[in-house]
Structure formats: structure tokens, C-alpha cells
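Here the structure is laid out as C-alpha cells; the discussion comes afterwards.
The values are calculated or read from the model by the stated rules, or taken from the named source; none is laboratory data. None of these values were measured; they are calculated from a predicted model. So basically every Cβ, Gly included, is an ideal-geometry build from the backbone, and we count neighbours across all protein chains shown. Surface areas here come from the heavy atoms of the whole protein model, side chains and all, with no ligands, DNA or RNA. Shrake-Rupley method; radii C 1.70, N 1.55, O 1.52, S 1.80 Å.
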Amino acid sequence: LVCDAEARNALMSFGQIVLGPPGSGKTAYCHGMGEFLRGIGRKVAIVNLDPANDHVPYIPAVDISELISLEDACTEFDLGPNGGLMYCMEFLEKNFDWLAGKIEEIQDYYVIFDCPGQVELYTHHESTKNIVKKLAREGTNLTCVHLVDSYYCVTPFTFVSAVLLSLNTMLQLELPHVNVFSKIDLVEKYGKLDFSLEYYTDSSNLH
């Protein structure tokens, strides 16, 4: 039994799946987090799962464009950008063995998944959720890092919208979840905040 447990642990990997609306800074976060972790001596691999993201500042260990591109999906099936992204994620789900084989090659690395920005993929579309579950069955233990532009703190309406988006994503993906306000250095460019930053990061009481 001890040997079996050790064998299972040897097959386990850990990482983050990085989500958020378009422009929230996911790719910049993945690049920066990768540089930080390498700087403290960790082995890191970044996986680009965004078929529309063909210019990234990092060298991806796995790139979905090797399997399918957004341009090809839109051209082949006469789809718009949103429909094309959904098709690409459905295609990745159906061809999960391709991804599983790539992840197996970087098993002893900490893995960061850079994902598309279309929020429907994480709020009610099933493919991303199914891919996450399949990764878990293969031994990849993930935490979700959900980025939201801090601009949404400026008005009550946009703030509550951002909170509900994060909550919906948490319920849909069923992962350990860290919500992050990105671009916080720019937040007051859009107007002075009504409350301290602590109010926005502890939203248990929305009075």
C-alpha cells in the first residue's frame, strides 16, 4: 500500500488555471508568476490554452495552437470570435488525450494554464469544467486564479457585477479559488474609490 501511494504521488502535478475577462492581465500575470517562481528556484511550465493568443511574452511548454487555432475554427465553420473560442475548447475537450500527453511530459513542473478571456467558458459552458475534471483525474491538482480588472471597484454596479462573476466561476469550476484584482496601481485613474481597498477584498458584507 505504501508503494502504491508513492507511485500515485509521483504521478501528481500541481498548478494554477488563470481565468478572467478579456484585458484583465492573464497573460502578463502568467509571465510574471513564471518569472517569480523560477527566481525562487521552482521548475515552471506555462501552458497556453488561448487559441486567440498567438503573441505571448513567454515560451509556452504546451500551446493549443499546435492542436487548433481560433482563425482556423472561424474560417472552417464560419464562426465569429465567441463561437470560435467555444468550438476550440470543445475540440480540446474531445482531444483531451493530446493535452494529457503534453502534461505528462512536464509532470515534475509547476504548471500555469493561461486561458481564454471569454467569460462564458467559465460561467456556464461545460468544456472548461470538463477539461479541469479530466486533468484532476490524471493527477493534476489545480487552484483557480481569477483576475478581475480593479477598474470594477470604481462604481457599486460594476463591483457587484465582478463579485457575481467570480462567484459564478467558483461554483461552475468547483476548484480552490483565489480572486485577484489586477492593475491595482491604475485603479484611481478612473476615479477615487469610495472605500478602502480592504472593503473590496472582503466582500462578505455588501451593505
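A few points about this structure:
- Count of residues meeting criterion [part of a helix (DSSP H, G or I), out of contact with any Phe, Trp or Tyr (no Cβ under 9 Å at 6 or more places or on another chain) and under 28 Å from Lys189 (Cα atoms)] in the stretch 111-156: 1
- Tally, over the stretch 96-110, of residues that are in contact with a strand residue (DSSP E or B) (Cβ under 6 Å, 6 or more places away or on another chain) and not in a helix (DSSP H, G or I): 4
- The residues of the stretch 104-130 that are at pLDDT 95 or above and aliphatic (A, V, I, L, M), listed by number, are Val111, Ile112.
- Every residue from the stretch 145-162 that is open to solvent by less than 40 Å² (accessible area, probe 1.4 Å), farther than 22 Å from Pro51 by Cα and either without any contact (Cβ under 8 Å) to a residue 24 or more places away in the chain or among the β-branched types (Val, Ile, Thr) (or both): Val154, Thr158, Ala162
- Matching option when the condition is in contact with an Asp or Glu (Cβ under 8 Å, 6 or more places away or on another chain) and modelled with pLDDT of 95 or more, among Leu49, Leu99: Leu49
- Test: residue in the stretch 39-58 that is in contact with a Phe, Trp or Tyr (Cβ under 7 Å, 6 or more places away or on another chain), of a type outside the set (Ser, Thr, Tyr), under 20 Å from His125 (Cβ atoms) and in contact (Cβ under 8 Å) with a residue 60 or more places away in the chain: yes
- Scanning the stretch 115-126 for residues that are buried (at least 19 other Cβ atoms within 10 Å of the Cβ) and within 20 Å of Phe96 (Cβ to Cβ) turns up Cys115, Pro116, Gln118, Leu121, Tyr122.
- Some residue of the stretch 135-144 being more than 15 Å from the chain's Cα centre (by Cα), crowded, with 16+ Cβ neighbours inside 10 Å, within 20 Å of Ile68 (Cα to Cα) and in contact (Cβ under 8 Å) with a residue 12 or more places away in the chain: no
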